[in-house]
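Take a look at the structure below.
The values are calculated or read from the model by the stated rules, or taken from the named source; none is laboratory data. Bear in mind the structure is a predicted one, so any value in this text is a computation, not a measurement. To get the accessible areas, we keep the full protein, side chains included, count just its heavy atoms, and leave off ligands, DNA and RNA. Shrake-Rupley method; radii C 1.70, N 1.55, O 1.52, S 1.80 Å.
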Amino acid sequence: MYHHEIMQDIARQRAREMRAEARAARNARLARRAREFWTERAERLAARPVQRRPRKHGAAPAR
């Protein structure tokens with residue numbers, strides 16, 4: 001194998017590794033942000049009391 005073929009192969013392997021690392025970092029960041037979002041959303045919903053509208057007796061049913 002010639003020197004430039006060896007170097008191209010090494011560069012190709014390194015690029016593949018770097019893309020895999022970047023993909024893993026993006027996936028981890030997305031998962032972390034999703035967990036934070038759902039935790040915050042659950043806290044907001046738990047803190048807010050359930051509001052029920054008063055029933056109007058004798059009113060026609062909604063369509």
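For the pair R14 and K56 in one chain, pulling the backbone fully straight at 0.36 nm per residue adds 8.1 nm over the alpha carbon distance. Relative to the dominant Cα principal axis of the chain, helix 3-47 is inclined by about 10°. Overall, the accessible surface of the chain at a probe of 1.4 angstrom is composed of carbon and sulfur to the extent of 54 percent. Annotation: per residue accessible area for the chain equals 109 Å², rounded to a whole number [probe 1.4 Å, protein chains only]. With contributions of -39500 (n - 2.57) from each DSSP H run of at least four residues, the per-residue ellipticity at 222 nm computed over the chain stands at -26500 deg cm²/dmol.
From the coordinates of this entry, semi-axes √(5λ) of the Cα gyration tensor in Å is computed, and it appears in (i) 61, 15, 4; (ii) 24, 14, 10; (iii) 34, 16, 5 under the label (i).
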